[in-house]
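The values are calculated or read from the model by the stated rules, or taken from the named source; none is laboratory data. Please read all numbers here as calculations on a predicted model, not as lab measurements. Glycine gets a Cβ as well: all are built from the backbone with ideal geometry, and neighbour counts include every protein chain shown. Ligands, DNA and RNA are stripped out before the accessible areas are found, and what is left, the full protein with its side chains, is counted by its heavy atoms. Shrake-Rupley method; radii C 1.70, N 1.55, O 1.52, S 1.80 Å.
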Amino acid sequence: MMNENKDYVSQPQENGNVFISEDVIASITAEAIKDIDGVCGLAGNTVADLAGKLGMKNNKGIKLVLKPASVEIECNIIALYGRPVIELAKNVQSAVFSAVESMTGLKVDKVDVNVCAISMGK
């Protein structure tokens, strides 16, 4: 049974529909990002952190715009000091595109990467 408070994307299949939760897409995105060398983590914000504590939707550091057969993704990352941020952002984009498209079958329209902070160590 689907949760009424979550958004889903429907993937029509031969024997019925597959519904993919926004949480699944956010988790795939987070896992793809954490494996990128030079990324220390995802950056949340005070509003998102408060929303999570209040039981509202909270995919810390990841924002999704779900469409009927595609998704737009925005991620806020913390970069390791000394790494070229443009190269790091391109690596994040590539990893997220690949992971989300291969695991969900959804088309990723775009991946915006916001480098929100720099960390001196991982």
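Output yes when any residue across segment 98-105 is within 10 Å of the chain's Cα centre (by Cα) and either farther than 16 Å from Asp23 by Cα or open to solvent by 60 Å² or more (accessible area, probe 1.4 Å) (or both), and no when none is. Looking through segment 98-105, none of the residues is within 10 Å of the chain's Cα centre (by Cα) and either farther than 16 Å from Asp23 by Cα or open to solvent by 60 Å² or more (accessible area, probe 1.4 Å) (or both). For segment 59-97, the set of residues classified as of a type outside the set (A, V, I, L, M, F, W, C), open to solvent by less than 40 Å² (accessible area, probe 1.4 Å) and in contact with a Cys (Cβ under 9 Å, 6 or more places away or on another chain) consists of Gly61, Asn76, listed by residue number.
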